[in-house]
Protein chains: 2
Amino acid sequence: MARGRSEERKAEIVRAALEVIAERGYRGASLGAVAERVGLTQQGLLHYFPTKEALLVAVLEERDRWDTSGGRDRERWRLDLMESLVEYNAMRPGIVQTFSALLGESVTEDHPARAFFTERYAQVRENMADVLSAEFGETLPGGLTPERAAPLLTAVMDGLQFQWLLDPDAVDMPAAFRDFLRLLRAPDAAGRGGALADSGQDGERNGRPGA
Amino acid sequence: MARGRSEERKAEIVRAALEVIAERGYRGASLGAVAERVGLTQQGLLHYFPTKEALLVAVLEERDRWDTSGGRDRERWRLDLMESLVEYNAMRPGIVQTFSALLGESVTEDHPARAFFTERYAQVRENMADVLSAEFGETLPGGLTPERAAPLLTAVMDGLQFQWLLDPDAVDMPAAFRDFLRLLRAPDAAGRGGALADSGQDGERNGRPGA
DNA sequence: CGTAACCTACCGATCTACAGGTAGGCGAGT
DNA sequence: ACTCGCCTACCTGTAGATCGGTAGGTTACG
């Protein structure tokens, strides 16, 4: 019966770590603060994760689990699923904040999350390219290819997250993301006719309440 | 002759601070490390900037100076100037890294740079909207308005910076940015004909050397 | 049954390292 | 003489990590 008890506790700690990192970043997050949240002392926490970095690794693995839902899963995403993902994210500022903070820190020298993000983005770009090519074939507006549009799609998601985190009232993240998709779906008169791009657009309210 | 000597030293310190922040972020940057770089002790540095936060403020002001070149300057930018800006940035990874790291940290609670970035992005979005509307009028591909495209343009710039910092060989930031502009300039068959969008495209090499 | 051996889950004390900041002083230029 | 530029000395706080221990729970076995 003691079996799995430890794993459970670890998961609890990881959850707390996510919170603390969201609030203070990785460098600013102290083991003591995390420990306190689960009713442990700092030393008690170190019993489960021998170093601070080990805890971070667990946090990153946790993300891989629910975000890419199983890593490089073979089932391909579709653009409308990404729309849902953005909407989902918009309801979980905490999670978004955690990983935006980590992303920001990771560009720093010798940051323990750097390799993780580098590899992750390479993989995300590939996924995005697959999604785009499944949706549009090889021809996108402006003469772009899926491979060239992939970094843009990725960039928009991340960039919007920062703007949204800084001022949620000024940026309607899901709406803005849909706007970007509209850009991709817009039939391009100069190139060729949109391959299989439909034009079934949803009724859209404006995405700029503030400012 | 001692006049201005102090200001000069301060500028030197701010430059060093930019470097250190790029390497370790704001939280990870120690006054001692900055001081060492200009041949001072930590306390010597505190003579010029009484607190760490004061130094950060100076760093942020410095950015406002050369990036928006004088703050909310009346002279409007144009899209091709932003293209140049991105190219310019691509040659200065240090600066980009500094402010990407700060941006990432700033979404954290009680971060001293948070207000700065919040206000800054509101202003940038406005500028972007102005630029877009000067370039395209009120009609963009996909039925977007300048106000709705502005957050996207901003997001793309930031998002690309992160991807590029993490793996400069995998992402050709300037080329990717031009790709996005192409998306904006692509004549939209569904909407109206592109307002004043020319279609003079530059010869473009592909922007994905790695992966 | 009982007890020795061992493991898990922690906590208290303590070490080392910086970190930011204060107080006061000293030398040099004006 | 006085201020400016900078340093030495020092204080306080905090962080990650190690060490040693304790309490409770098995398991092995005589």
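The values are calculated or read from the model by the stated rules, or taken from the named source; none is laboratory data. Please read all numbers here as calculations on a predicted model, not as lab measurements. All Cβ positions, even for glycine, are placed from backbone atoms using ideal geometry, and neighbour counts span all protein chains on display. Accessible surface is based on the protein model in full, side chains and every heavy atom, while ligands, DNA and RNA are left aside. Shrake-Rupley method; radii C 1.70, N 1.55, O 1.52, S 1.80 Å.
Residue under question is B:Glu12, and the condition is that it be in a helix (DSSP H, G or I) and either aliphatic (A, V, I, L, M) or within 11 Å of DNA strand D (Cβ to nearest atom) (or both); does it hold? Yes, satisfied.
Within the set B:Ala90, B:Ala22, B:Ala16, the sole residue that is more than 14 Å from DNA strand C (Cβ to nearest atom) and more than 30 Å from B:Gly137 (Cα to Cα) turns out to be B:Ala22.
Taking each residue of the stretch B:101-119 that is within 19 Å of A:Val171 (Cβ to Cβ) and looking for partners that are among the polar types (S, T, N, Q) with beta-carbon atoms closer than 6 Å, six or more apart or interchain, yields B:Val107/A:Gln97; B:Val107/A:Ser100; B:Ala113/B:Ser106; B:Arg114/B:Ser106; B:Phe117/B:Ser106. Here B:Thr118 does not fit the description of being modelled with pLDDT of 80 or more, of a type in the set (S, T, N, Q), open to solvent by 10 Å² or more (accessible area, probe 1.4 Å) and more than 19 Å from the chain's Cα centre (by Cα). Would you mention how many residues in the stretch A:25-50 are within 7 Å of DNA strand C (Cβ to nearest atom) and under 25 Å from the mean Cα position of the chain (by Cα)? Adding up the residues that qualify gives 0. The criterion of being among the charged types (D, E, K, R) and either touching a strand residue (DSSP E or B) at 6+ places or on another chain (Cβ under 9 Å) or more than 29 Å from B:Leu55 (Cβ to Cβ) (or both) does not hold for B:Glu119. Contact map, the stretch B:32-55: first residue more than 16 Å from B:Glu12 (Cβ to Cβ), second residue more than 10 Å from DNA strand D (Cβ to nearest atom) and in a helix (DSSP H, G or I), Cβ cut-off under 7 Å, separation 6 or more or different chains; pairs are B:Lys52/B:Leu31.
Summed over the stretch A:121-131, residues that are among the polar types (S, T, N, Q) and open to solvent by less than 30 Å² (accessible area, probe 1.4 Å) total 0. A:Gln161 fulfils the conditions (1) open to solvent by less than 10 Å² (accessible area, probe 1.4 Å); (2) modelled with pLDDT of 95 or more except for a single criterion, (1). When the stretch B:29-44 is filtered for residues that are more than 7 Å from DNA strand D (Cβ to nearest atom) and either farther than 23 Å from A:Glu109 by Cα or assigned to a loop (DSSP other than H, G, I, E, B) (or both), the ones remaining, listed by number, are B:Ala29, B:Ser30, B:Val38. Close Cβ contacts (under 8 Å, 6 or more residues apart or on different chains) running from residues in the stretch A:16-29 that are farther than 15 Å from B:Leu102 by Cα to residues that are within 16 Å of DNA strand C (Cβ to nearest atom) and open to solvent by 40 Å² or more (accessible area, probe 1.4 Å) comprise A:Ala16/A:Arg37; A:Glu19/A:Arg37; A:Val20/A:Ser30; A:Val20/A:Arg37.
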